[in-house]
Amino acid sequence: MRSALRKACCGGRPVRERPCEYPFAEKEVEVSDFVLVEVEGKRESSKVYYVGKVLGTEGGKYNISFLRSKCVYVKDTFVFPDIEDEQEVEKHRVIGVLVALKGSTKMQSNIIKINPPLTAFNMR
C-alpha cells in the first residue's frame, strides 16, 4: 500500500524527483481546493513549488490563484497577495490537494495555514 501511495503522490515518476512523504488529501482536485503546484526552476534540475487555490478548470488546465508565504521562515502560513497572481496551469503540474485551515477571527481570515507544514519542498 505504501508504494501505491508513493506512486499516486509522484504521478508515476521516480521517487527521487520529488519529495513524496507529504500526506496530501486523498481526493480529486475541485474548484476552491488549495493545491501544491510544481514549476521548473531556473536550472534544469531544480523544481520550485507554489501553493494556489483552484478557481476553475478548462480542458486540460486549471485556473489557479497563487498565494504568497506570509513569512520566509515559516513554511505553513500563506496569504493572498495584494495584486492577484492568477495563471492557467496544466493538470500534470498539480502535485496534490492540501489540507488548509483558515483563521477563525476577522483579523486572521486572510491567513491560510497548511497542515502539516511543507518543509520538504523548495517553496516560493
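Short version: ³J(HN,Hα) in whole Hz for each residue of region 74-86, in order, from phi by Karplus 6.51 cos²θ - 1.76 cosθ + 1.60 (θ = phi - 60°), x for Gly and Pro, what are they?
For region 74-86, the Karplus-derived couplings read 10, 9, 10, 10, 10, 9, 6, x, 4, 9, 4, 10, 10 Hz, x marking Gly and Pro.
Which order do the peptides 65-71, 92-98 come out in when sorted by mean C-beta neighbours inside 10 angstrom, highest first?
Per-residue mean Cβ counts within 10 Å order the peptides as 92-98, 65-71.
Are there any chymotrypsin sites (Phe, Trp or Tyr not before Pro) in region 69-123 that are in a DSSP loop and have at most 12 other Cβ atoms within 10 Å? List them by number. Can you show the working numbers first?
Details: sites: Tyr73, Phe78, Phe121; in loops: Tyr73, Phe121.
Listed in order of number, the matching sites are Tyr73.
Can you give the extra length, in nm with one decimal, that the chain gains between Ser46 and Lys61 once fully stretched, where that is 0.36 nm per residue apart less the Cα-Cα distance? Don't skip to the answer; put the middle values down first.
Details: separation 15, 0.36 × 15 = 5.40 nm, distance 2.27 nm.
Using 0.36 nm per residue and subtracting the Cα-Cα distance, I get 3.1 nm.
At 1.4 Å probe size, with the rest of the protein present, what percent of the exposed accessible area of region 44-124 is carbon and sulfur atoms?
On the way: 2510 of 5040 Å².
So the carbon and sulfur contribution to the accessible surface is 50 percent.
Pull up all non-local amide H partners of Lys47: gap of 5 or more, or a different chain, and H-to-H distance under 5 Å with H placed in the peptide plane.
HN-HN under 5 Å from Lys47: Gly41.
Distance in nm between label sites at Lys91 and Tyr73, each 7 Å beyond Cα in the beta-carbon direction?
4.2 nm
Solvent-accessible area per residue for region 56-124 at a 1.4 Å probe radius, Å²?
Value returned for region 56-124: 65 Å² of accessible area per residue.
What GluC sites (Glu not before Pro) does region 78-124 have in DSSP loop regions with at most 13 other beta carbons within 10 Å?
Working: sites: Glu84, Glu86, Glu88, Glu90; in loops: Glu84.
Of the GluC sites (Glu not before Pro), the ones in loops of region 78-124 whose Cβ has at most 13 other Cβ atoms within 10 Å are Glu84.
The values are calculated or read from the model by the stated rules, or taken from the named source; none is laboratory data. What you see is a predicted model, and the numbers here were worked out from it, not measured in a lab. Neighbour counts run over all protein chains shown; Cβ positions are idealised from the backbone, glycine included. Accessible surface areas use protein heavy atoms only, side chains included; no ligands, DNA or RNA. Shrake-Rupley method; radii C 1.70, N 1.55, O 1.52, S 1.80 Å.
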